[in-house]
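See below for the structure under consideration.
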Amino acid sequence: QVQLVESGGGLVQPGGSLRLSCAASGSIFSINDMGWYRQAPGKQRELVATVTFGGTTNYADSVKGRFTISRDNPKDTVYLQMNGLNAEDTAVYFCYAAVRATILSRSRDHWGQGTQVTVSS
């Protein structure tokens, strides 16, 4: 019913930039929080950044000042602009959205399939 599809991942050199996109589709009445998580090899999944419907943002300390999260509510899309990438940013990045599918539904967590970001020279 609800699908989140990430795009924009890939291989980038240290110091480079990437922009991730995540578009939600399907049965969507409303979306509250959206965000990005990541999971590096051998590590737990961690929060990267979140943004509320109204635009309030929150960032992990490790990315603050380098990453910018934003969203386009009419398009049900969230973005993550990543600048100054380093090896520690290498991970699978997952899109997250709290989606209310219909007026009769409560919000439920949805996850994208993940997109690989590799920072390497």
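Quick look at the values:
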{"quantity": "Whole-Hz ³J(HN,Hα) from phi, Karplus 6.51 cos²θ - 1.76 cosθ + 1.60, for the range 33-47, glycine and proline x", "calculated": "6, 10, x, 10, 10, 9, 9, 8, x, x, 10, 6, 5, 10, 6"}
{"quantity": "Accessible area expressed per residue, the range 68-120, with surrounding protein chains retained (probe 1.4 Å, Å²)", "calculated": "49"}
{"quantity": "Cα-based shape type of the chain, given that a ≥ b ≥ c are square roots of the gyration tensor eigenvalues and the cut on a/c is 1.5", "calculated": "prolate"}
{"quantity": "Length-normalised contact order for the range 24-121 - Cα pairs under 8 Å, 6+ apart - percent", "calculated": "31"}
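The values are calculated or read from the model by the stated rules, or taken from the named source; none is laboratory data. Being a predicted model, the structure only gives us computed values, none of them experimental. Ligands, DNA and RNA are excluded from the accessible area calculation, which covers all protein heavy atoms including side chains. Shrake-Rupley method; radii C 1.70, N 1.55, O 1.52, S 1.80 Å.
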